[in-house]
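Taking it in order: structure first as structure tokens, then the write-up.
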Amino acid sequence: MCTRIQNSIAAYGGGIYVETSDVEFSCSSNTNKFMDTQSTYDGGFIFMRASIVSVKNTAIVNSMSGRDGGSLYASEASSFSVHSSLIRYSVAG
């Protein structure tokens, strides 16, 4: 199943907040779409802490953060991988 998140706002991780987890966003039949996400502080689309996140066949468009990580913010030994995806119009601080 494909995921769509649009027009979301949060203090950390405008679209997704992940802590101490292993997460994969993958869509084989179409494209995951994360658009117009915003955070007050860090990680306009995703904020991750001590986590492993993999993104496949995904479009991340128009993400903005008030401080660091326009699209993503990784802290405390986090790992992020991107495959066959698009990240466009990302703005930090």
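The values are calculated or read from the model by the stated rules, or taken from the named source; none is laboratory data. On a predicted model such as this, the values are computed, not experimentally measured, just so you know. Cβ placement follows ideal geometry from the backbone for every residue including glycine, while neighbour counts extend to all protein chains displayed. Ligands, DNA and RNA are excluded from the accessible area calculation, which covers all protein heavy atoms including side chains. Shrake-Rupley method; radii C 1.70, N 1.55, O 1.52, S 1.80 Å.
A few points about this structure:
- Considering region 35-59, the residues that are open to solvent by 10 Å² or more (accessible area, probe 1.4 Å) and hydroxyl-bearing (Ser, Thr, Tyr) include one that is nearest to HIS83 (Cα to Cα), namely SER54.
- Count - residues of region 59-88 that are part of a loop (DSSP other than H, G, I, E, B), over 26 Å from ASN30 (Cβ atoms) and within 12 Å of the chain's Cα centre (by Cα): 1
- Pairs, first more than 12 Å from MET64 (Cα to Cα) and without any contact (Cβ under 8 Å) to a residue 60 or more places away in the chain in region 5-24, second assigned to a strand (DSSP E or B) and open to solvent by 50 Å² or more (accessible area, probe 1.4 Å), C-beta under 6 Å, six or more apart: GLN6/ASP36; GLU19/ARG49; ASP22/ILE52
- Every residue from region 13-47 that is part of a loop (DSSP other than H, G, I, E, B) and modelled with pLDDT of 90 or more: GLY13, GLY14, GLY15, THR20, SER21, THR40, TYR41, ASP42, GLY43, GLY44, PHE45
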